[in-house]
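The structure appears below as structure tokens.
The values are calculated or read from the model by the stated rules, or taken from the named source; none is laboratory data. A quick note: this is a predicted structure, and the numbers were derived from the prediction, not measured. FYI the Cβ positions are ideal-geometry reconstructions off the backbone, even for glycines, and counts take in every protein chain you see.
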Amino acid sequence: MNAIIALSLLGIFTLFTGIFNWRKAMLPIVVIGLAGVFVLNGMDYFTTPSWYADYTHMVIFDRYAVVFSAALIMITAMLFFLCKQYYQKEDNNISDIYGLILFTLVGGMLMASFSNFAMLFLGIEILSIPLYILAGTKRLEVTSNEASIKYFLMGSFSTGFLLFGMALVYGAAHTFTLDGIRQYTDAHAGDLPTIFVAGIMLMLVGMLFKVSGAPFHFWAPDVYSGAPTLITTFMATVVKTAAFAALYRLLFYTFGSAKPIWFDALWGVAALTMIIGNFSALYQHGVKRMLAYSSISNAGYLLIGVIAMNTHSANSIFYYTLVYSLASLVSFGVLMLVTQDNGGDDSYTAFKGLARNNPALAGLMTLAMLSLAGIPPLAGFFGKYYIFINAMENGYIYIVLIAVANSLVGIYYYFKVIVAMFAKDTAPTKIAVQPAYLFALVVAAALLFVLGIFPDWVSGLMN
Amino acid sequence: MKALLAHIEISPEIHNGFTDAMPMLMAALILLPFLGFVFNFFLGQRLSKTLSGVIGSATILGSFIIAATFFAQSISGSFTSHQVCLMDWIEVGKYKFSFNFLIDNLSIMMMLIITGIGFLIHVYSIGYMHHDEGFSRFFSYLNLFIFFMLLLVTGANYLILFIGWEGVGLCSYLLIGFWFKNQEYNNAAKKAFIMNRIGDLGFLLGMFKILDVFGSLNFSDVFSAAGGFTANDPAIVIITVLLFIGACGKSAQLPLFTWLPDAMAGPTPVSALIHAATMVTAGVYMVVRSNVLFALSPFTMELITIVGLATALFAGTIALFQNDIKKVLAYSTVSQLGFMFIALGVGAFTTGMFHLMTHAFFKALLFLGAGSVIHAMGGEQDITKMGGLSKKIKITFITFTIGVMAIAGFPFTSGFVSKDEILLADFQHGKIYFILATIAAIMTVFYMFRLWFLTFFGSFRGTHDQEHHLHESPPSMTVPLMVLAILSLVGGFVQFPHIFGGHDYLNQYLSPVVTNTIQEIEGADKLEIEILIATCIGLVILWFITKKNYAVSEFKGEYTGFKKVLADKYYVDEIYEALIISPFQKMSAFITKYVEVIFIDGFVNGAGKVAQVAGSYIRLLQSGHIGYYLFAMVISIVVFLLLNTIIHF
């Protein structure tokens, strides 16, 4: 809880640094501030979770919330290391960008810790509204503006369904607290009123939109590829993690005993998401758009974790989101450099011969691609492994078969990048990388490796 | 991250100050070589050669000191067997794996051999590799080698053992192919790697079977549960045979031995390290460590005896007429490993360990000595071009002579004592084994004497330049030789026969871990005396034969008839080439040409086409118009809700 307050203050303070024009100090302030927030958040890990009574069951910082928040904070901090080089030209309002990213993070943390529908809604909105603006931060680019407005329109449209669903649930259960709704669900598990069921389904629609599950994913490819790549990274990592934290929390803590109601629907969405995401990614010529579709297909794998819903699920979802975020961070990070170096060309050909003059970048990208493809011993393998095993424990064989087939398809387009990088024909020039930028990428890649060898370091944090 | 050095499992009876310190010491023992590797690998090139050599050696010395501390404490009775958990690793389903390490008398003995001899080889390398541009890279690999070998012998479960097992395979690949600009050396490295892989597959399958049967890979769980099985239980037989296949790969037994002679492509200190202190001892160690399982499977034991015997004879005959100084030594290693496996097979596990130890002393000495000779000869390895070196390189000559004495079984040297014990054990097991093993031992004497005379006696047969260049090696090389020479001479005292006033210290030391299944030998003392006399007579006869033939001034080294078959190593490589490699290549050519094109490409491209066509249609959905997207979403929601309703009502 203290972490959220501190983080909000940090965001406001960052806006002030813009007013006073402390440009040099901005990045250190934000990073050190985030480190402090990380520690504050971590302290909650060791205390028994308590309801924040003053706010009558609004948020709870149990281990689930703390662990997810920690990942969100960490990934955001790493993203800040990339910010400086990426936003070199938009230097004028960099403090606004920093501030908005921090506010988005506040929303994300609320989504991991809500214990009341009101906070869920607020979290989503606090996360989304800055994001609509962030998507348009490359003001001079048409695509960026288009992404912003598309995201805004589609986002508000889906929020309507979420709100409508909440209202229906309230109509049946007469409460907004997770506890209260859970009691209601448990008590009426056999014969839930239609209004309640409709509420669940509409809320699901809203949430599935946020996690870009098919067929509610239409916004994602356009927004992901239109938005500034740094913001796309942010959406694929922090926002996706937060959305899954919220979705699982919502389903697990409230509608757990109503699983028969939503299971088939989510099963279908999971399968569809994987298939559409993967097969569309196959067809893309641009690496950025490929990664956007890959992000959709990864949401499909994660949905398997959600429908499995047993004692290991929270851990395996967390592990997967963390690992996926790290790999995305690295791959988007390298993509940004390559794209900038090639004058905006983000196709596979832009990667040709990267290994020759930029072996470090090619190595990082290779690691990230191997992890995304799920090749052991990288962490991506264990991410998939945990999710699949989790579903197998419940006997959900078919969805796992679909998922395995899909991961095989995935290997094709991830390896295409690797093949391009190690192709010999053309050799691009040496790309200048700021030390901080490289540092973040190296740390993320190293984590991919270490977490693959010692998955237990993080895979049991919620026990 | 769970706290490093979290919890300590302590054998129930003993708990004292030293056992508390053991996790730290254990971590240091293993990590020191690793730190040396990291340091030399990343920073080595920027530092002076002296510094990277010193750091490389000092880390191993540090590990040796810790191992010696363990040894001293185990002698004084501070602990007998102690398990240290440095870290929990993975939990997969019902299985849990941890970084557990086992410190007992067996692992301490291995630690001492690895770090002790490893240290000497490191020091030697400072001199030997001094002119090489990859100096720091070389030391980093050596350190990594020791690190993995330590993992292998200290792991408290088969998984850690396996990590070390694979790790030494990797390091041997890196070191054999150290001079990677020579394609032949690269091929040798690949061969070692592939041969080892075959064995590793056996070991891996064995591990799976263990996990399947016992539900755990921990030595303590497996060995205590093994008590519930009867002898020749099918599961145990399968496990032990698979493990033995693994051991065959690592310890170069028939039919997986051909990599070891080729492994001499690496720099000579590497040969010494692979042949003496690390790598090849892994298979022997693993069998001894699993002695509880092997004892339950007489079938496997018999198999081991036969394979060991066959290897000892086979490699011994090949060594008879080799002209490359390192090749002779390499085949002699294969042969000596055969001896070790004979001992294991007949159930004399400690005897196998004993020979492993003495062999480590004298084989390290011989290889390093050979390195010194090669150094003096300016890189020449062909003994037909040597001769008369005894006066030119005195220290090398004297120490090498001691090595030859030890391996030939000169009475009361370490090699005599350990080989003598193996022969006794064979005698107990069956006369025919004894006779065959004796023949192999006689061959050892022959090829070592031949090597010795050709190298150091007669007159110099090399070029004039080489003769001019001859010089003794620097102290960093000769001092390790002297230390090893002393060990080779007196190393046998730990297990000296009773009749000559000795004690079986080693038997007693290893008795908590190893249970020998061989029975007390009747009339051992009488046999001992007979062997001693026979050895003396045999040595004298062979001395004269070899001296006449090989202490010469002219030597062609070309052979005809059966000798040529031996000199050409029974054409095993050629047979493997014809039977395995070339059919494989033909098959892969066939597959590339037909199966690949028609089926794989057809299927993949077909699937790719289907996917792309499907993708192109899916892509049409992504038109970019917001109005259309909103419409699609509404349709989706309607379908979503409708389907859900249909399913449930």
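Of the residues B:Asn549, B:Asn605, B:Asn644, only one is assigned to a helix (DSSP H, G or I) and either surrounded by 15 or more Cβ atoms within 10 Å (Cβ to Cβ) or modelled with pLDDT of 75 or more (or both); which? Can you show your working first?
On the way: B:Asn549 fails: either surrounded by 15 or more Cβ atoms within 10 Å (Cβ to Cβ) or modelled with pLDDT of 75 or more (or both); B:Asn605 fails: either surrounded by 15 or more Cβ atoms within 10 Å (Cβ to Cβ) or modelled with pLDDT of 75 or more (or both).
Answer to the selection: B:Asn644.
Of all the numbered requirements in (1) more than 14 Å from chain B (Cβ to nearest Cβ); (2) under 23 Å from A:Leu372 (Cα atoms); (3) surrounded by fewer than 24 Cβ atoms within 10 Å (Cβ to Cβ), A:His312 misses one, and that requirement is (1).
Could you look through segment B:633-649, keep only residues that are aliphatic (A, V, I, L, M) and at the interface with another protein chain (Cβ under 7 Å from one of its Cβ atoms), and pick out the one that is farthest from A:Phe263 (Cα to Cα)?
Of all residues in segment B:633-649, those aliphatic (A, V, I, L, M) come to B:633-635, B:637-639, B:641-643, B:646-647.
Add one more test, that the residue is at the interface with another protein chain (Cβ under 7 Å from one of its Cβ atoms), and what stays is B:633, B:637, B:641, B:647.
On the way: B:Met633: 21, B:Ile637: 16, B:Leu641: 13, B:Ile647: 11 Å.
By that ranking, first place goes to B:Met633.
Among the residues making up segment B:347-402, those that are outside any helix (DSSP H, G or I) and either under 24 Å from B:Val483 (Cβ atoms) or in contact with a Leu (Cβ under 9 Å, 6 or more places away or on another chain) (or both) are B:Ala348, B:Met377, B:Gly378, B:Met386, B:Gly387, B:Lys392, B:Ile393. Residues in segment B:55-99 that are within 14 Å of chain A (Cβ to nearest Cβ) and in a strand (DSSP E or B): 13 in all.
Only one of B:Phe42, B:Phe101 is closer than 30 Å to B:Gly491 by Cβ and among the aromatic types (Phe, Trp, Tyr). Can you tell me which?
On the way: B:Phe42 fails: closer than 30 Å to B:Gly491 by Cβ.
Unique residue meeting the criteria: B:Phe101.
Residues of segment A:429-463 being within 14 Å of chain B (Cβ to nearest Cβ), buried (at least 20 other Cβ atoms within 10 Å of the Cβ) and part of a helix (DSSP H, G or I), which ones? If the condition is that a residue be within 14 Å of chain B (Cβ to nearest Cβ), buried (at least 20 other Cβ atoms within 10 Å of the Cβ) and part of a helix (DSSP H, G or I), then A:Leu447, A:Leu451, A:Gly452, A:Asp456, A:Val458, A:Ser459 are the ones that fit. Applying the criterion of at least 2 residues that are within 14 Å of chain B (Cβ to nearest Cβ) to the helices (runs of 4 or more DSSP H) found wholly in segment A:140-243 leaves A:142-173, A:194-210, A:219-226.
Does segment A:100-139 hold any residues that are hydrophobic (A, V, I, L, M, F, W, C) and not in a helix (DSSP H, G or I), and which are they? Within segment A:100-139, A:Phe114, A:Ala135 qualify. When segment A:417-428 is filtered for residues that are free of Cβ contacts under 8 Å to residues at least 60 places away in the same chain and either closer than 14 Å to A:Val338 by Cα or not in a helix (DSSP H, G or I) (or both), only A:Ile418 remains.
Going by the structure shown, is B:Thr311 β-branched (Val, Ile, Thr) and under 30 Å from B:Leu454 (Cα atoms)? Yes; evaluated as a whole, the condition is true for this residue. Checking each residue in segment B:236-276 for being closer than 25 Å to B:Met207 by Cα, of a type in the set (A, V, I, L, M) and part of a helix (DSSP H, G or I) picks out B:Ile236, B:Val237, B:Ile238, B:Ile239, B:Val241, B:Leu242, B:Leu243, B:Ile245, B:Ala247, B:Leu260, B:Ile274. Starting from residues that are surrounded by fewer than 19 Cβ atoms within 10 Å (Cβ to Cβ) and within 11 Å of chain B (Cβ to nearest Cβ), keep the ones in segment A:251-266 and report whichever is modelled with the lowest pLDDT. Applying the filter and picking the extreme gives A:Pro260.
Do we find that B:Phe42 is aromatic (Phe, Trp, Tyr) and free of Cβ contacts under 8 Å to residues at least 24 places away in the same chain in this structure? Write out each step before concluding.
Numbers: aromatic (Phe, Trp, Tyr): yes; free of Cβ contacts under 8 Å to residues at least 24 places away in the same chain: yes.
Yes.
Restricted to segment A:183-205, and to residues there that are within 30 Å of A:Thr104 (Cβ to Cβ) and in contact (Cβ under 8 Å) with a residue 60 or more places away in the chain, the residue that is nearest to the chain's Cα centre (by Cα) is A:Leu204. Condition (residue is within 14 Å of chain B (Cβ to nearest Cβ) and either crowded, with 20+ Cβ neighbours inside 10 Å or within 30 Å of A:Asp44 (Cβ to Cβ) (or both)) applied to segment A:357-377: is it met by at least one residue? No, segment A:357-377 contains no residue that is within 14 Å of chain B (Cβ to nearest Cβ) and either crowded, with 20+ Cβ neighbours inside 10 Å or within 30 Å of A:Asp44 (Cβ to Cβ) (or both). Looking across B:Thr240, B:Thr230, one residue alone is outside the structural domain of B:Met340 (by TED's automatic domain parsing), in contact with a Gly (Cβ under 9 Å, 6 or more places away or on another chain) and either of a type outside the set (Lys, Arg) or at pLDDT below 85 (or both). It is B:Thr240.
Can you list the helices (runs of 4 or more DSSP H) lying wholly within segment A:323-395 that have 1 or more residues being within 30 Å of B:Trp89 (Cβ to Cβ) and touching a helix residue (DSSP H, G or I) at 6+ places or on another chain (Cβ under 7 Å)? Break it down into steps so the answer makes sense when it comes.
Numbers: elements: A:354-357, A:359-373, A:379-393.
Of the helices (runs of 4 or more DSSP H) lying wholly inside segment A:323-395, those with at least 1 residues that are within 30 Å of B:Trp89 (Cβ to Cβ) and touching a helix residue (DSSP H, G or I) at 6+ places or on another chain (Cβ under 7 Å) span A:359-373, A:379-393.
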